[in-house]
Amino acid sequence: MTYSLKLLKYFLLFTQNLLGVINSPYRAFRRISQTEELGQLIFIFLLVAFYFAFGTSIRLGVGNPYLLSGEFNKLFSFAILTFLLFSTLIYTLGTIFGGKGRIKSVLLGWSYTLLPTLVWFFITSLIYILFPPPRTLSFPGKALSLVFIAFSLGMLFWKVVLYYLTLRFTLKLDLLRILGVSTVLAPVIAIYGIIMYRLGIYRIPFI
Amino acid sequence: MKEDLYYRELVKKMTEIAIVTPQSVGPFTPLYKRVTPYFKEKPWKVLAFSSFITSTILYLLFGSLLVRLASILQFGF
């Protein structure tokens, strides 16, 4: 298969899974767990790169291209490192808790859990332009805060559902074992978030 | 029979379903089976509803603290 045909195949798979993750995540993750087409990751990370280019230009402005590209490279590199770190951690913990699966499936499954993260970061950047913080205690301020918190919770719940499905299908774990993995993983995420904040990389970790 | 298209599709579907063993959570299994279908198809309906209810409850509990949290999160991207 030629390079462009392969790329088209990955794009179609990505689109199919993207729609699946939104509309019927259960079926989509069952399908994702059975494929080994890591090429789909290209499109997920293109979206991540696009977000960081967008987010960085909003934060720093487009006046200083050197500062902009430096910040973009830093954020994008850490996003990939974070992705690899947590995929490996989930695979290792899942295996310790009795899960059976392949690292390739975990990488693919975990990559699709980045979608709620991406949507949250994109929308938050847009709201930052349209309604710059801080929010006030006026009625519109309270109303927007309520809507923004509801949106953030919605993305968090969606992320939790996709995380559960990743462990359920790629490592064939049951709910009890998933809770076991999560108990170990939650403090790691908290510590990682604090480290990233202290290093000045992410205010909210891109997980 | 193995040449039958419907038979092959049925086998394919059964294999797909059997990837994971059915989930059992002891006495909570009936509740689990009642709740999970809402997350399997078009989960955004239940996610939107539950997030709005949760944020309203949080606002009633914490009041202006939620407004401060929204401001902090808005700086978080």
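A few points about this structure:
- Sorting A:103-109, B:59-65 by average packing, meaning the other beta carbons within 10 Å per residue, from highest down gives A:103-109, B:59-65.
- Within the shell defined by Cβ-Cβ distances under 13 Å, the residues around B:Tyr32 carry a net charge of +3, with Lys and Arg each +1 and Asp and Glu each -1.
- Folded to 0 to 90 degrees: helix B:44-62 orientation relative to chain B principal axis, Cα: 30
- If R0 is taken as 51 Å, the Cβ-Cβ distance between B:Arg68 and B:Tyr32 corresponds to a FRET efficiency of 0.90.
- At most 14 other Cβ within 10 Å, DSSP loop - trypsin sites (Lys or Arg not before Pro), chain B: B:Lys2
- Straight-line cross-link partners of B:Lys33 among the aspartates and glutamates, defined as a Cα under 15 Å from its Cα and at least 8 positions apart when in the same chain: A:Asp174, B:Glu41.
- Put simply, when A:121-127, A:94-100 are sorted by average Cβ atoms within 10 angstrom per residue, most first, you get A:121-127, A:94-100.
- Degrees between helix B:5-17 axis and first principal axis of chain B (Cα, 0 to 90, nearest 10): 40
- B:Ile57 paired with A:Lys74, simple spin-label distance in nm, labels 7 Å along Cα-to-beta-carbon: 4.0
- Computed packing ranks the peptides A:15-22, A:56-63 as A:15-22, A:56-63, most packed first, by mean other Cβ atoms within 10 Å.
- For the residues of B:45-57, the average number of beta carbons from a partner chain within 10 Å of their own beta carbon is 5.
- Measuring between alpha carbons in the structure, the pairs from A:Lys6/A:Lys159; A:Lys104/A:Lys172; A:Lys172/B:Lys40 lying more than 19 angstrom apart are A:Lys6/A:Lys159.
- Translational diffusion of the protein assembly as shown, µm² s⁻¹ [Kirkwood Rh, Cα pairs; Stokes-Einstein; 10 °C; 1.306 mPa s]: 77
- Inter-chain Cβ neighbour average for residues B:21-33, partner chain, 10 Å: 1
- Between 0 and 90°, nearest 10: helix A:3-23 axis offset from chain A longest Cα axis: 80
Each value in this text was obtained by applying a stated rule to the coordinates, not by laboratory testing. Please read these numbers as outputs of a predicted model, since none were measured by experiment. Note that we place each Cβ from the backbone using ideal geometry, even for glycine, and neighbour counts take in every protein chain shown.
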